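> Quick one: structure below, then a few questions.
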Amino acid sequence: RVGQDLRLNNRWIDLRAPANNAIMVVQSQTCALFREALASQGFIELHTPKLVAGESEGGAGVFRTDYFGSPACLAQSPQLYKQMAIAADMDRVFEIGPVFRAENSNTRRHLCEFTGLDMEMAFNHHYMEVIRVLHVMFTSLFDGLESRCTLELAAVRTQYPSAAPRLTAEPCVVHWEEAMDMLRDAGESVSGLDDLSTPHERLLGKLVADKYQTDLYFLDRFPTAVRPFYTMPCPDNADYSNSYDIFLRGEEICSGAQRIHDARMLSDAIKARGLPLEPLSAYIDSMRYGMPPHGGAGIGLERLVFLYLNLDNVRKASMFPRDPNRCSP
């Protein structure tokens, strides 16, 4: 049997295998369907900078570089620019572009460079409006993959057996408090204010699948302490937040939230995390002239394809993967 490293070292040959070649077609169609689904709902496509002054989003896990004598880094996400677009009266925006994470995570589902499928939108009353848009997008995307990629899916599923994911007609939203009760009822010890561990994440996916008959669900009201500084706290309890993750086959594929849209509240949140205000001054200033309530999400393309196809490693869903031990070919 040919090992994964040998295959990746000779990726141009490895991709001749019918299943591997088909995975790249599915990846391509995933991007096309994401774009089509959001464009049909009134979104416009952005292209934001990937070289960012200072340290993006607080500085943790960034690739630093020199920018003509000034510190800079590779963007961890287009998050701040998506929100600045909302401030510029672009009410619905999305981007497909590279994302860089300098995290020494040597797992089957992490990469140091991946393609982000990002969206952001203004809403009128509640972040459930964003969740509904995402649910429509995923429904359209999954239906499109099954109809457009019949031959490719058959090739992949011969080697990696799977069925099309089950979806509910309306978004399946599990609140954090319900999720903790489900885990406790299953005999697990959880504090309720810590982030989910990978084993708990997978167990919860099985519990939700059994209870709600779905392979895709939204988990909302995460503890505020485990979410980024720009996340809006819940109005009924500031220990929790108006945030959500999306899970496919028991693993996270997407993180999102309502964002803070008030400059003073945002400044206080940044200071409360012990972060400097100056590198984020333009971001904060963008909210001083009127900003509607808004929210969005960031999806990892390779992880989405990896879980949709039930592959054994995310690297198989990347043409030339980058992880802590691989920066070539």
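The values are calculated or read from the model by the stated rules, or taken from the named source; none is laboratory data. Note that this is a predicted model, so its numbers are computed, not measured. No Cβ is skipped: glycine too gets one built from the backbone with ideal geometry, and neighbour counts run over all protein chains shown. Side chains are part of the model used for accessible areas, which takes the heavy atoms of the whole protein and leaves out ligands, DNA and RNA. Shrake-Rupley method; radii C 1.70, N 1.55, O 1.52, S 1.80 Å.
> Tell me which residues, restricted to the range 276-302, are open to solvent by 40 Å² or more (accessible area, probe 1.4 Å) and in a helix (DSSP H, G or I).
Hits for the range 276-302 are Glu278, Pro279, Ser281, Ala282, Asp285.
> Kindly indicate the residue of the range 142-172 that is among the aliphatic types (A, V, I, L, M) and part of a helix (DSSP H, G or I) and also most open to solvent (accessible area, probe 1.4 Å) among those meeting that condition.
Leu151
> Right, another one. Tally the residues that are open to solvent by 70 Å² or more (accessible area, probe 1.4 Å) and closer than 24 Å to Pro161 by Cα, restricting the search to the range 1-11.
The qualifying residues number 5.
> Which residues, taken from the range 183-222, are under 18 Å from Ala169 (Cα atoms), open to solvent by 50 Å² or more (accessible area, probe 1.4 Å) and either touching a Pro at 6+ places or on another chain (Cβ under 6 Å) or not in a helix (DSSP H, G or I) (or both)?
Gln213
> Being more than 30 Å from Glu152 (Cα to Cα) and touching a residue at least 12 places away in the same chain (Cβ under 8 Å) narrows it down to one of Asp245, Asp268, Asp239, Asp215, so name that one.
Asp239
> Now for a different question. Can you find even one residue in the range 87-105 that is among the hydrophobic types (A, V, I, L, M, F, W, C), touching a Pro at 6+ places or on another chain (Cβ under 7 Å), open to solvent by less than 40 Å² (accessible area, probe 1.4 Å) and under 30 Å from Asn21 (Cβ atoms)?
no
> Specify which of the listed residues (Glu103, Glu113, Glu146) is among the charged types (D, E, K, R) and touching a strand residue (DSSP E or B) at 6+ places or on another chain (Cβ under 6 Å).
Glu113
> On to the next question. Looking at this structure, is Pro18 surrounded by fewer than 19 Cβ atoms within 10 Å (Cβ to Cβ), more than 17 Å from the chain's Cα centre (by Cα) and without any contact (Cβ under 8 Å) to a residue 60 or more places away in the chain?
no
> Listed residues Arg35, Arg11; which is touching a residue at least 40 places away in the same chain (Cβ under 8 Å), closer than 30 Å to Phe229 by Cβ and of a type in the set (Lys, Arg)?
Within the list Arg35, Arg11, the selection yields Arg35.
> Taking the residues in the range 23-40 that are closer than 15 Å to Ser147 by Cβ and among the aliphatic types (A, V, I, L, M) as candidates, determine which candidate is surrounded by the most Cβ atoms within 10 Å (Cβ to Cβ).
Per the criteria, the residue is Ala37.
> Something else now. Name every residue in the range 120-139 that is assigned to a helix (DSSP H, G or I) and under 22 Å from His294 (Cβ atoms), in order of residue number.
Met128, Glu129, Val130, Ile131, Arg132, Val133, Leu134, His135, Val136, Met137, Phe138
> Out of all the residues in the range 299-312, is one or more in contact with a Ser or Thr (Cβ under 9 Å, 6 or more places away or on another chain) and farther than 19 Å from Cys31 by Cα?
Within the range 299-312, not a single residue is in contact with a Ser or Thr (Cβ under 9 Å, 6 or more places away or on another chain) and farther than 19 Å from Cys31 by Cα.
> Can I ask one more? What's the total number of residues in the range 233-265 that are buried (at least 23 other Cβ atoms within 10 Å of the Cβ) and assigned to a loop (DSSP other than H, G, I, E, B)?
2
> From the list Thr139, Thr150, which residue is more than 23 Å from Cys172 (Cα to Cα) and hydroxyl-bearing (Ser, Thr, Tyr)?
Thr150
> Within the range 54-61, does at least one residue satisfy the condition of being at pLDDT 90 or above and in contact with a Leu (Cβ under 9 Å, 6 or more places away or on another chain)?
Looking for residues that are at pLDDT 90 or above and in contact with a Leu (Cβ under 9 Å, 6 or more places away or on another chain), one finds none in the range 54-61, hence no.
> Look through Gly187, Gly205 and report the one residue that is more than 30 Å from Asp268 (Cα to Cα), of a type in the set (Gly, Ala, Ser) and under 20 Å from the mean Cα position of the chain (by Cα).
Gly205
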